[in-house]
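**Student:** This is the structure, below, for whatever I ask next.
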Amino acid sequence: MWLSRQPGPRNWLCQAAGAAPPRGAATRAAAERGGPMSELHKFIFDGLPVRGMLVRLTGSWQEILKRRQAAGGYPAEVTNLLGEMTAAGALMQSNIKFNGALILQIFGDGPVKLAVAEVQPDLSLRATATVTGTVDPGSSLSQLVNVNNQGRCAITLDPKDKLPGQQAYQGVVPLYGDQREKIENLAEVLEHYMLQSEQLDTKLILAADGSVAAGLLIQRLPVKGQGNLEGQIDRDANEDQIGVNEDYKRIAMLAGTLKREELLTLDADTILRRLFWEEQVSRFEPVVPSFACNCSRERVGGMLRSLGTAEIESIISERGKVAVGCEFCGAQYEFDPVDAAQLFASQTNQPPPSSTVQ
Ligand SMILES: [Zn+2]
């Protein structure tokens, strides 16, 4: 989970109150490149069983949207939802120690049929949405994906090097609350998920627009004894701690005062100083999320093979070739009759088909 070590020589330390904003490596690199750089900051509250993370996706998020421009782009409401999902995916991936992709999906029953954000362990990320209906300006979360309370949010952990027979782990949560009331805030949906799956109180704040996708996560640490931040989790004892830790409640309440506009426009130093100026915050060197798509001709070939010879031959006879576009990055893959024949001629030594290439 989370941090495997205490702040060490490679990390920089900052007392939140009154400290000058330290210029980390990522900040310098951004200045050198003259462009915006995405950043994910981790921090802990000294001596308290509470940790936090703040992510600001700028260049990487804009690249995701740019890849969609050729297909007409997204309505603003869908952009905002997909951005919140992408920021949340980066936070959730960073929050677990897992060697594989974290895939956040919403299967909608409204004009947005599917929205996907996928984040790898190195925080390379990609996202896409399928919009089939008309999105009215100002549409809420439920108007986008949960019109009839049939929308679902799935969180999948897909191991990188799967053992034979090993399955991806998937958790599914509804987009409504205990009384089947629709939830209009994605962060709230994911807070429920994390409380269920990790048995840890979690406060999540998300915001996105066409330039920035950002999020703040505050979580109670799984502690066995006071100050033992890295001890084995005693699950029963931990469950007893849900909703009762005063330090967590205070810090989560402070986090809850963060406004959407502040999250979108202020840098990490300013946000953390404004929110937690009375707390002792230790920060870690920021990491840099980036856009990357792992689609490939081999993966697309594997997906076509899984459709079977008859299906592929039927497409070839109709159109002369098979053309597949990647929904995430816009890459186009074409298979002419010779390529297609080769797909089925050499079925050994091929990578397994990817289910994520549409
Ligand atoms: Zn791609």
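No value in this document is a laboratory result; all are computed from the given coordinates. What you see is a predicted model, and the numbers here were worked out from it, not measured in a lab. Backbone-built Cβ (ideal geometry, glycine too); neighbour counts: all protein chains shown.
**Student:** Sequence neighbours fewer than 8 away in the same chain don't count; with that in mind, list the lysines whose C-alpha is under 16 Å from LYS66.
**Tutor:** Answer for LYS66, where 16 Å is the Cα cut-off: none of the lysines qualify.
**Student:** Please compute the net charge surrounding ASP109, taking Lys and Arg as +1 and Asp and Glu as -1 over other residues with Cβ under 13 Å from its Cβ.
**Tutor:** Here the charged neighbours net out to +3.
**Student:** Local charge sum around ASN99 (other residues, Cβ-Cβ under 13 Å, Lys/Arg +1, Asp/Glu -1)?
**Tutor:** 0
**Student:** Quickly work out the GLU334-to-VAL147 label distance, labels modelled 7 Å from Cα along the C-beta direction, and quote it in nm with one decimal.
**Tutor:** 3.7 nm
**Student:** Over the Cα atoms of segment 25-291, what is the Rg over Rh ratio if Rh follows Kirkwood?
**Tutor:** Taking Rh as the inverse mean 1/r over Cα pairs, Rg/Rh reads 0.96.
**Student:** Given R₀ = 56 Å, FRET efficiency for MET253-THR130 by Cβ-Cβ distance, to 0.05? Please list the in-between numbers first.
**Tutor:** Numbers: r = 37 Å, r/R0 = 0.67.
Step by step, r from the Cβ atoms, then E = 0.90.
**Student:** Below 19 Å, Cα to Cα, which aspartates and glutamates can LYS162 reach? Residues fewer than 8 away in the same chain don't count.
**Tutor:** GLU118, ASP122, GLU298
**Student:** Taking one equal scatterer on every alpha-carbon of segment 297-345, how large is log10 of I(q)/I(0) by Debye at q = 0.16, 0.18, 0.20 1/Å?
**Tutor:** The Cα Debye sum returns log10 ratios of -0.39, -0.49, -0.61.
**Student:** Regarding segment 57-178, what are the three Cα extents along the principal axes, ordered largest first, in Å?
**Tutor:** Answer, in whole Å and largest first: 44, 38, 23 Å.
**Student:** On to the next question. Quick one: Karplus J couplings for segment 120-125, per residue in order, coefficients 6.51, -1.76, 1.60, θ = phi - 60°, nearest Hz, x for Gly and Pro?
**Tutor:** Couplings: 8, x, 8, 6, 6, 9 Hz.
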